[in-house]
Amino acid sequence: MLGFSLKEIGELLALSKARNVARVKHAAELKLADVEKRIASLVRMRDALSTLVNTCSGHGDPADCPILKALGGEDWNEH
């Protein structure tokens, strides 16, 4: 639920036993930064995909499909 791997959880629990709360907090801050970075990446991906879906007619020539063009399928005219 918090995004920590089993290995990371073990490391955090070991820090807890050593009563090193500052390092536990630092590890959580690093994990939070990683989660925020992944969320930002997913938001960019969602926005790009949403734009492509909204501009694709869903029919017609594959050469006119913005989704296929974004995937590098510009050579559909040749087939």
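Tell me, yes or no, whether the range 55-62 has at least one residue that is acidic (D, E) and either in a helix (DSSP H, G or I) or in contact with a Cys (Cβ under 6 Å, 6 or more places away or on another chain) (or both).
No, the range 55-62 contains no residue that is acidic (D, E) and either in a helix (DSSP H, G or I) or in contact with a Cys (Cβ under 6 Å, 6 or more places away or on another chain) (or both).
Kindly provide the set of residues from the range 37-79 that are surrounded by 11 or more Cβ atoms within 10 Å (Cβ to Cβ), hydrophobic (A, V, I, L, M, F, W, C) and at pLDDT 90 or above, ordered by number.
A48, L49, L52, V53, C56, C65, I67, L68, A70
Residue-by-condition table, conditions (1) assigned to a helix (DSSP H, G or I); (2) within 30 Å of A70 (Cα to Cα):
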residue	(1), (2)
I9	yes, no
R19	no, no
V24	yes, no
R38	yes, yes
R46	yes, yes
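The values are calculated or read from the model by the stated rules, or taken from the named source; none is laboratory data. In this text the structure is predicted, and so the values were computed from the model without any measurement. We place every Cβ from the backbone using ideal geometry, glycine too, and count neighbours over all the protein chains shown.
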